[in-house]
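The values are calculated or read from the model by the stated rules, or taken from the named source; none is laboratory data. Keep in mind that this is a model prediction, so the values were computed, not measured. No Cβ is skipped: glycine too gets one built from the backbone with ideal geometry, and neighbour counts run over all protein chains shown.
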Amino acid sequence: MAQSVHSAASDGVTRRGSDRRAATVVGRMYLEGILTEGEAEAGFCYAETVGAYERTKGHPPRHSQSPSFEFGRKGADGLDLEALRRRDDVADKVERRIHRKCGPIQKQYDRVQSHVPLFPILISTVLEEVCCNDRPVHSLHYEMVKKILRTLAQKVYGLDVVEQRKPIGRRIDAVLVAGTAIHRPRVHRDR
């Protein structure tokens, strides 16, 4: 997935239908080289897991949501639970299907949360801000987010976490505009 985030954003153009996750905080952290591909994918999976869990438990929607959290909350149909309940003809089927899925969703959520430290509370709060609420955090928290996402990627989601190499040679600034990367080489002048 992170590869598709990179290809969607590296074109320099935001097209309709491109991956919306490139414009999220996790997507930008990946494009800036803060997160590896596996860590970014773990962040997206974490948001989907929390969204699906909150959907099955009937939690009210969050005000700001990442696309991954929204996908987990609304499911593959793209409709939230309240909208599906309003359809009288399928309401019973939907309720049965959701309750059937509650068990695996609860197990996945418990497994994920077992790897997120409970103390200090700041850790889980920062992780939810970045992954689920799509809100940026201070750069001092990047290492903590990276460490938790690395743990989730390896132990929960079974993803490879390979450290990215730093670019060698000419330094490049990446200016992020609406989730896309426009690369401009730095100009070095002799004085």
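Figures for the structure shown
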read-out	value
Residue selected from segment 78-123 under the condition among the small types (Gly, Ala, Ser) and either farther than 27 Å from Arg21 by Cβ or touching a Pro at 6+ places or on another chain (Cβ under 7 Å) (or both), by the criterion modelled with the highest pLDDT	Gly103
Residues that are exposed (fewer than 15 other Cβ atoms within 10 Å of the Cβ) and touching a residue at least 24 places away in the same chain (Cβ under 8 Å), drawn from segment 118-136	Arg135, Pro136
Yes/no for Gly27 being within 28 Å of Pro136 (Cβ to Cβ), at pLDDT 70 or above and of a type outside the set (Lys, Arg)	yes
Residue check for Leu31: buried (at least 18 other Cβ atoms within 10 Å of the Cβ), touching a residue at least 40 places away in the same chain (Cβ under 8 Å) and in contact with a strand residue (DSSP E or B) (Cβ under 8 Å, 6 or more places away or on another chain)	yes
Residue count, segment 114-145 (criterion: more than 17 Å from the chain's Cα centre (by Cα) and hydroxyl-bearing (Ser, Thr, Tyr))	2
Gly158, sole failed condition from (1) part of a helix (DSSP H, G or I); (2) under 17 Å from the mean Cα position of the chain (by Cα)	(1)
When residues of segment 34-71 are limited to those that are small (Gly, Ala, Ser) and more than 9 Å from the chain's Cα centre (by Cα), the one farthest from Asp134 (Cα to Cα)	Gly58
